[in-house]
Every structure is written in C-alpha cells, then in structure tokens.
Amino acid sequence: MQLQHNHSLILDGKRLISQINELGETGADTINGGRTRAALTDDEKRGRDLLVKWMKELDLDIQVDKIGNIFGTLPATSSAPGDASRPLMIGSHIDTVVNAGAFDGCYGVLAGLAVVRAFRQAGIQPTRPITVAAFTNEEGIRYQPDMMGSLVYAGGAPLAAILDTIGTDGTRLGDELERIGYAGEMEPGAIIPHEYIELHIEQGPILEAEGIQIGAVENLQGISWQEITITGTANHAGTTPTRLRHDAGYAAASVITFLRDIASNGTTLATIGSMRFEPNVINVIPRLARFTVDLRDPDEARLQAAEQKLKDFLAALAEKEGVQISSEQLVRFQPVMFDQGIVAQIIQSAESAGLSYRRMTSGAGHDAQMIARIAPAAMIFVPSKDGISHNPAEFTSEEELIRGANLLLDVVKHRLPDHQN
C-alpha cells in the first residue's frame, strides 16, 4: 500500500466500514438473508483469503498456526527492549453462525487492522509489536467446542485431539484445515501476547437501552453446556393412561420448567436451545428426548450450585417418571475476570473522548476469555441495536463502529511503552 507519512495516528473509518461490508458479502445467503461462514468451509476460506490479502497490503508479518489461527504482526522499533518484544494483540474471529449478522467477530479483527493501518499511514513504528489475530472456530456450529482456536492457543485443549474432532457434517477438522490451505506450521501459543484486547458489538440490549456509548467489559460469565438424554417407553397416545406412562417428552418438559426456576435468582441464565423427540410422531408417546442445556453465571459458586440443582432434579425425575436419564458435559468454562489495568485504560480513554461508558459483564463467550489464561486481557463493547445478534438483523451504526475503533486506537496507544501521541 502507499504509505503516508503524516506522523499523526488517524483511523480510517471509511476503510474499516468498507472492509466490514466486503467481508459481510462473503458467504452471503441471498435466500434466507445474512451470511454463513461456518469454520473451515469454502465460504470461510474465502473470508480468510480476504483477510490475509488485507494483511499483506499492510505489509504485516503473517503466520498461521497448526489449528488455523491467523496472525498479522506490525513489527516494533528495532530498539524495543526485552519485554517490549511481546506483542499487544488485538483479535476476534471471522467464522459465523448460520444466517449471521455482519459484525459479530469480524468487527474486532477488522478494527485491529484499522489500528495497524493508522500506524502504517502515519509512518510510525510502535514501541511494541501489534498483532492482529483471527481465531479458528469461535462459534462452534460445525465443530465443538466453540472458541476452539483460542482454547488450543491458550493450552486449554490438546492440539492432536482437536484436529481429530468430527464435525456435524462428518468431516474431520484436521482434514478440512489441510483442504482449505490453513493448516499452518506454527505451534499454537508460540506468540505470547503482552496483553490482549477484543473489540466487539455488545450482542445484548444494555448499552442501547441505557443510552451508553462504550462498555468496559470487566468480567465474563461462566458457561456450562450439557446434552441430556431421557429414555422412556413409546406407546399409543390414545390407549395408555397417564398414570402408566413413561413419557420422555413430559420429562423433558419438566426439565424446561425447572430450569426457569433455577434462573429466578437474577444472575443465573438457563436455556434449552435444541431438542428432538423419537419417534417424533403425533400419536406416539416419545420413547426418547435429547436436548441441550446452557447454564451461565458470572459467579463460579452460583454456577456450580445451578449444576448441582439440575443434577438432583434429574435423579428425582427419573425415579418419579420411571425413565432413564443420562447427561454428557459438552463445554465447561469458568467465569473470567479481565485485567483491571486494561479496563481502567478503556474507561480513561472513553472519558478523554467525552464518551459515556459503563463497566459490564459479557453474557456471551469470546476468544478473550481463553487468551486471558495466558495474558492480561479485556474487552470493549459498542451498542447493538435491540440487542440482536446471530441474526441478519444484527446492526450497529457506522458512527458507533468507528467510535469504538477510535477508542481501541487510543487504548492501544496508551498500552504501548512510552507511547507517542
């Protein structure tokens, strides 16, 4: 790219919006709306290729690790001493759910590029390397668990086992990485960040409802995913008295109502997001119900209490209804407290820019919670209209997107050693 040497860090907001829109067209669904870039599919490969092209335009040092995470690094001044050789990392992901909005994940990666571009266009080398990261399979819709790339990167799961993961379509993750050309050579975790910052739309209604411009995210909820299987007895819907039924469907419905009681404490969230019955026929009592349970709470003790309450209820329900119940843990992440120094800088930068802000908890999972295992980390939120996300209607205005990226740039400046204004 043609560099301008104006020695002033100015974020190119128009270019940021243009890249968000262009990436948003990758995997576009003209029938159902939105876009679908499930991890390691051909559509996601096109998104990866686009990101790498933009990194090359900025003359970044590009590396891909063995789980497919992509890193583009802007080198520091040659005089950067010891600790200053570890990069300040900005990141998120570019894979999506089905029929997704344009901003979830992508905004954080492309805002990172916008920060790096500001340095390049000003002709300024940072006093610490700045690395822009795009982590593999954050959404987890094709391969589980979610946040997979950052989890492996932070040492939370063995690479070999994750590469052997079989997807919902029967593919092996490692084979798909090879197929799309993103099975890199670098060992996951080889680039240890000095700090990690993730910019994201809120994916919730709080900032918009309160008329607040910036969320300084100081912690993130713990997450517990289970798959529960209830096995009963199939029988005729018209001839079997209620008192003699072993109804897997009724038992599943009982769990749903019990989970609402668990969530009545004001902090715990409980959701059954998927369910199927067998034989799934209108006039047959279900012999099997299989469903997922998503429990979340920002407090580990409360999350454990909710898990135990559910376990006790399932045992009592099995005995009462004469059914068999089994549970498989799919994902379990403890709550995360983010680095208070970075959070304080986010607040200071917001105050300096005259922006309203609030400290807040993230209800959704993010790559930041994994990277927080190996480096100080925090997140910045900008408002999301009506709190809608994972939906083609997901929307944040251009003004809000650019405002958040400018705040990120200011935070980055102040987190560099002897930063230059």
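Projection of the Cα convex hull of the stretch 283-421, averaged over all directions and equal to a quarter of that hull's surface, yields 13.2 nm².
The sum of -39500 (n - 2.57) across all DSSP H runs of n ≥ 4, divided by the residue count of the chain, sets its helix-only mean residue ellipticity at 222 nm to -10500 deg cm²/dmol.
Pick from Ala305, Ala378, Ala118: which is most flexible by mean-square fluctuation in a GNM of the chain where alpha carbon atoms under 10 Å apart are linked? Comparing Ala305, Ala378, Ala118 in a Gaussian network model of the chain, the most mobile one is Ala305. Excluding ligands, DNA and RNA, the accessible surface per residue across the stretch 222-333 is 54 Å² with a 1.4 Å probe. For the stretch 182-231, rounded, prolate or oblate, judged on the Cα gyration tensor with a ≥ b ≥ c (square roots of eigenvalues), a/c < 1.5 rounded, else prolate if a/b > b/c? Oblate is the answer for the stretch 182-231, as a/c is 1.5 or above yet b/c matches or exceeds a/b.
When the Gaussian network model of the chain links Cα atoms closer than 10 Å, the mean-square fluctuations of Thr171, Thr26, Thr396 top out at Thr171. Determine the share of the chain's accessible area contributed by carbon and sulfur atoms, expressed in whole percent, with a 1.4 angstrom probe. Of the solvent-accessible surface of the chain, carbon and sulfur hold 49 percent. Under a 5 Å amide H cut-off, with hydrogens placed 1.01 Å from N, Arg35 pairs with Asp29, Asn99, Ala100 among residues at least 5 apart or on other chains. Of all DSSP beta bridges confined to the chain, the antiparallel ones make up roughly 70%.
Short-range pairs are left out: with C-alpha atoms under 8 Å and at least six residues apart, the relative contact order of the stretch 222-333 is 45 percent. Between the amide H of His246 and those of Thr233, distances stay under 5 Å, these residues lying 5 or more places away or on another chain, with hydrogens modeled in the peptide plane. With semi-axes defined as the square roots of five times the eigenvalues of the C-alpha gyration tensor, the equivalent ellipsoid of the stretch 222-333 measures 28, 13, 11 Å, largest first. Of all the options Ile342, Ile70, Ile374, the one that moves most in a Gaussian network model of the chain with Cα springs shorter than 10 angstrom is Ile374.
The magnitude of the dipole of the stretch 195-269, with charges of +1 and -1 set on the Cβ of Lys/Arg and Asp/Glu and taken from the Cα centre, is near 800 debye. Relative contact order for the stretch 125-216 using alpha-carbon pairs under 8 Å, separation at least 6, rounded to a whole percent? Over the stretch 125-216, the number comes to 16 percent.
At a temperature of 25 °C and a viscosity of 0.890 mPa s, determine how fast the chain diffuses translationally according to Stokes-Einstein, using the Kirkwood radius over alpha-carbon pairs as Rh; express D in µm²/s, rounded to the nearest whole number. It diffuses with D of about 108 µm²/s by this estimate.
Note on surface exposure: Met186, Met370, Met337, Met275 rank Met337, Met275, Met186, Met370 by accessible area, highest first, 1.4 Å probe. Output the 0 to 90 degree angle, nearest 10, between the alpha-carbon long axis of helix 300-321 and the longest principal axis computed from the alpha carbons of the chain. For 300-321 against the chain, the angle is about 20 degrees.
Using only Cα atoms, tell me the angle between helix 340-352 and the longest principal axis of the chain; keep it within 0 to 90° and round to the nearest 10. It works out to around 60 degrees. Volume per residue for the stretch 320-399 equals 190 cubic angstrom (convex hull of Cα atoms). How much of the pair distance distribution for the stretch 78-156 lies past 21 Å, counting alpha-carbon pairs only, in percent? Of the Cα pairs, 41 percent sit more than 21 Å apart. Amide H contacts of Tyr357: Gln213, Ile214, each under 5 Å away and 5 or more positions distant or on a separate chain (H built 1.01 Å from N in the peptide plane; Pro and chain starts excluded). Counting heavy atoms of the protein chains alone, Glu227 has an accessible area of about 60 Å² for a 1.4 Å probe.
In the context of the full set of protein chains, the stretch 1-125 has a per residue accessible area of 38 Å² (1.4 Å probe). For Ser352 and Glu398, what does the FRET efficiency come to when R0 = 25 Å and r is the distance between their Cβ atoms, rounded to the nearest 0.05? Computed FRET efficiency for Ser352 and Glu398: 0.65. Relative to the dominant Cα principal axis of the chain, helix 13-24 is inclined by about 40°. Once all protein chains are placed together, Phe103 keeps about 20 Å² accessible to a 1.4 angstrom probe. What translational diffusion coefficient, in µm²/s and rounded to a whole number, does the Stokes-Einstein relation yield for the stretch 5-158 at 4 °C and a viscosity of 1.567 mPa s, taking the hydrodynamic radius as the Kirkwood radius over Cα pairs? It comes out at roughly 81 µm²/s. Put Lys14, Lys45 in order of accessible area, highest first, and with a 1.4 Å probe you get Lys14, Lys45. A 1.4 Å probe, protein heavy atoms only, puts the accessible area of Thr233 near 70 Å².
For the Cα trace of the stretch 1-78, dividing Rg by the Kirkwood Rh returns an Rg/Rh value of 1.04. Entry note, the chain: relative contact order of 22 percent, from Cα contacts under 8 Å with a spacing of 6+ residues.
The values are calculated or read from the model by the stated rules, or taken from the named source; none is laboratory data. Note that the structure is predicted; figures quoted are calculated from it, not measured. Cβ: placed from backbone, ideal geometry, glycine included. Neighbour counts: every protein chain shown. Accessible surface areas use protein heavy atoms only, side chains included; no ligands, DNA or RNA. Shrake-Rupley method; radii C 1.70, N 1.55, O 1.52, S 1.80 Å.
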